[in-house]
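The next block holds one structure in the form of structure tokens; read it before the comments.
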Amino acid sequence: QSENSDKSSAESDSETEPEQASVYHKLLATLKTSPESESEDDDDDDDDESESEEAGESGTEVDSEEYQENEEAEGGEEDENDMPDKEATAEQTLGEEQADGADVSCDTSHGVIEEFTDVKHESEFSLENNFMEEESGDHDADERRSNPFKQHMDKEMEEKEVEKMSTLSKSSSQIKWPRLGQLTFSSTLEKQKTLKPDKEVDMKQLHLHKPLEVTWPKVNKQLLSSLNKSYDSCFTPLQRELFYIMNTYRDLFYPESTALTNGEEIRLAYCLHALNHVLKANAQVLSNNAKRRDRKPGIDTDEYRDQGLTRPKVLMVVPFRECALRIVHNLISLLEVNSDKKIDVSNKKRFKGEFGSNPEEKPPNLKRPEDYEAVFAGNIDDHFRIGVAILQKSMRLYAPFYSSDIIIASPLGMRTVIGAEGEKKRDFDFLSSIEILIIDQADVYLMQNWEHVLHLMKHVNLLPLDSHGVDFSRVRMLNLNNWSKYYRQTLLFSALPDPQINSIFNKHCFNYTGQVAVRNIPQIGSISQVVVQLPHVFRRLEVESLTSVIDRRFQFFIDKVLPEYRDAIMSHTLIYVPSYFDYVRLRNYFKKEELNFVHICEYTKKGGICRARRFFLKGEKQFLLLTERFHFYKRYTIKGIKNLIFYELPTYPHFYSEICNMMKATDSGVDATWTCTVLYSKYDAQKLAAVVGIDRTAQMLQSKKNVHLFITGEN
């Protein structure tokens with residue numbers, strides 16, 4: 001069982017290294033480490049409109065148990081909020097035909113995956129028993145020329161360098177690139193070099209594995225044509241700069257990746273990099289197999305150290321099955337040189353059946369924002385893991401992990417196989433030699449269970465407990481010395497620079513080549529998207545330390561804010577609560593004080609949601625407590641809001657304007673008595689800047705005034 005999320009969240013935030021001494025970089029202390037969101041049957045969008053909807057999340061008993069334990073610790077239980085039944089959603093299948101007669105799918109209900117692994121192709125995809133095909137390999141050519149893969153993996157670190165990385169702080173420098181913007185380069189060992197991406201891409205200079213030089217321009221051409229822009233290169237400007245950094249094997253944090261805008265661009269770029277790495281690594285092994293076979297007896301074999309303690313090299317962490325489906329489609333496309341030469345993909349039919357979706361299942365009248373549609377497209381089950389083995393012209397899906405080159409999984413899928421200390425059945429040896437870790441859509445995990453991500457990071461690149469049949473004469477010294485983490489490249493993509501995501505990058509990435517983080521400061525906040533005429537009152541709470549924020553906010557709310565809203569005149573008050581634990585605490589307090597309120601969270605059943613919204617709209621209940629996760633997964637329009645309280649600034653800045661704009665759904669029209677109150681502290685600088693802009697944030701944090709007023713919607 002994971003530790004109390006309140007505590008772990010504060011700890012992870014407090015570890016975040018400051019980037020600069022500016023007020024903007026004094027990052028916030030917030031509780032986002034709530035458990036996994038569960039799927040619910042959605043109810044009617046309101047009582048008068050019958051909208052058939054199916055919701056955006058899926059979950060497991062693992063997380064519901066964590067919720068229940070934490071609720072009991074808070075001294076209350078969520079009435080009407082039993083765990084909902086699970087339903088699947090499907091919106092698109094990427095133009096692929098739906099598999100007929102697929103094998104029995106994984107049973108993901110109740111958090112259990114019926115494991116399936118392909119055993120019949122074991123020898124065919126074994127690295128030990130195969131040799132390089134002459135026409136498919138350019139490994140010898142790679143050895144004759146300098147290439148990033150060999151430069152990175154062949155470096156022999158010394159003990160004193162490892163000691164430096166463990167004790168010394170990183171030096172950093174900043175540079176502005178045309179597309180990515182402000183970059184921060186940091187490293188302990190490497191001297192900072194001024195890196196500038198080439199304006200024109202020469203495919204030969206990228207040192208791609210031979211087939212990829214041919215397939216990449218064809219595969220990416222489809223994306224380029226869909227963007228309705230003309231590009232001279234086979235990369236978009238964003239892809240060119242991102243891939244340039246990836247190809248230097250530095251760690252990368254890009255906090256501006258969204259499913260709606262550039263998610264597919266980025267996915268293609270990291271698929272190219274991961275596949276290039278795997279093909280080069282496997283080509284090296286197969287080439288050395290042939291050399292070992294042909295060598296004379298008695299010759300020292302130390303020169304053939306070309307692999308890790310276990311085979312998996314790349315771990316891709318994605319939130320939903322749809323993401324895994326798109327990754328596999330990208331990998332297949334990149335391996336197929338032309339339409340006449342289709343590569344052999346084992347278990348493809350089963351994969352389509354389990355990871356694909358049926359577009360007919362989508363409710364015809366589902367109306368949600370574009371960003372919601374993009375995030376929750378296709379199969380949105382969040383409990384999965386699959387091994388992929390690649391050998392020259394073939395791909396094997398559902399390969400056993402110890403026979404896989406790439407593992408694609410969700411944080412929950414990883415958590416259930418890694419297990420917890422004391423459990424009999426747990427395994428994480430297959431993570432011992434991960435060389436590239438890709439975490440995509442990291443912001444979504446804040447809405448699931450961040451503890452799963454932290455748990456995974458603690459189990460990557462540990463020495464395996466078993467040998468798993470490895471030939472130690474072929475294992476690189478870096479792996480034998482337990483230095484794998486210093487060679488691992490981590491690629492972290494997110495829609496926002498949350499402190500907990502920052503903490504992963506700052507505290508769990510040890511790459512000897514250094515780190516690159518994109519650090520663009522928002523100039524204009526999401527408050528500019530508020531269209532209703534509304535006074536926004538930002539109230540600063542004074543806190544002495546990061547760890548005291550949670551209790552101080554609660555006390556400030558019940559002492560200073562809530563009394564102003566207890567009067568019956570201040571009816572129709574919606575209280576938006578990002579943290580589930582704050583929500584439980586407030587709900588219990590409201591019950592104790594016998595306040596006239598209703599509450600909706602991500603676990604509230606269909607009937608409970610319907611009743612709460614009706615009571616709130618009609619004014620029969622004065623307060624409505626609403627969790628951020630409910631808004632993330634449902635995006636209902638709450639009607640009847642006259643007074644808004646943001647107990648804490650939203651995780652996603654556009655949620656601020658979305659919630660405020662719900663006021664225009666009120667039938668009575670604009671009311672001069674409408675109010676909006678926001679609580680913030682000095683540790684909320686990052687979120688504050690995303691809502692009001694950097695200039696206002698600097699003024700608000702430096703000002704001696706604790707109350708600031710902004711008015712939107714004025715003519």
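So here's what we get for this one:
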item	result
Sites residue 558 and residue 159 - FRET efficiency at Förster radius 56 Å, r taken between beta-carbons, to 0.05	0.50
Mean projected area (nm²) of the alpha-carbon convex hull when the stretch 191-281 is viewed from all directions	6.7
Rough spin-label spacing in nm, given labels placed 7 Å along Cα→Cβ, for residue 226 and residue 673	5.0
Extension gain (nm, one decimal) between residue 182 and residue 421, 0.36 nm per residue minus Cα-Cα	81.9 nm
Proximal lysines relative to residue 592, as straight alpha-carbon distance under 19 Å, when same-chain residues fewer than 8 apart are discounted	560, 621
Loop GluC sites (Glu not before Pro), the stretch 563-670 (other Cβ atoms within 10 Å of the site Cβ: 14 or fewer; DSSP)	593, 594, 620
Estimated distance in nm for a label pair at residue 123 and residue 537, the labels positioned 7 Å out from Cα along Cα-to-Cβ	7.8
For the stretch 526-712, radius of gyration divided by Kirkwood radius, i.e. Rg to Rh on alpha-carbons	0.94
Tail beyond 20 Å, pair distance distribution of the stretch 412-550 (Cα, percent)	63
Between the stretch 536-580 and the stretch 448-523, the Cα center-to-center distance that results, in Å	38
Approximate spin-label separation residue 528-residue 338, in nm, with each point projected 7 Å along Cα-to-Cβ	5.1
Long pairs among 210/349; 150/313; 150/204; 605/639; 196/687; 155/210, criterion Cα-Cα beyond 26 Å	210/349; 196/687
Positive dipole terminus of the stretch 428-567, leading residue within 463, 558, 445 (C-beta point charges)	463
The stretch 381-446: GluC sites (Glu not before Pro) in DSSP loop, at most 16 other beta carbons within 10 Å	421, 423
Residue-span extension gain [residue 704 to residue 477] - 0.36 nm each, minus C-alpha spacing	76.0 nm
The stretch 526-712 - percent of accessible surface contributed by carbon and sulfur, probe 1.4 Å	50
Restricting the stretch 197-290 to trypsin sites (Lys or Arg not before Pro) in coil, as DSSP defines it, with at most 16 other Cβ within 10 Å	199, 229
Size of the stretch 340-462 as Cα extents on the principal axes (Å, biggest first)	49, 44, 26
Antiparallel %, DSSP beta bridges [both residues in the stretch 526-712], to 5	20
Environment charge of residue 180, counting only residues whose C-beta is closer than 12 Å and scoring Lys/Arg +1, Asp/Glu -1	+3
Dipole axis of the stretch 619-715 (+1 Lys, Arg; -1 Asp, Glu on Cβ), positive-most option in 677, 661, 688	688
Length released on extending from residue 462 to residue 520, taking residue separation times 0.36 nm less the Cα-Cα span	17.5 nm
Within-11-Å neighbourhood charge of residue 538 [Cβ basis; K, R +1; D, E -1]	+3
Relative contact order [Cα under 8 Å, 6+ residues apart], the stretch 526-712, whole percent	39
Neighbour net charge for residue 590 - beta-carbon separation under 12 angstrom, K R +1, D E -1	+4
Residue 345 long-range amide H proximity, modeled H, under 5 Å	395
Area of residue 460 that stays accessible when all protein chains are in place (1.4 Å probe, Å², to 10)	10
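The values are calculated or read from the model by the stated rules, or taken from the named source; none is laboratory data. As the structure is a computational prediction, the values presented were derived from the model and not from experiment. Cβ atoms come from the backbone with ideal geometry, glycine included; neighbour counts cover every protein chain shown. Note: accessible area is taken over every heavy atom of the protein model, side chains too, but ligands, DNA and RNA are not part of it. Shrake-Rupley method; radii C 1.70, N 1.55, O 1.52, S 1.80 Å.
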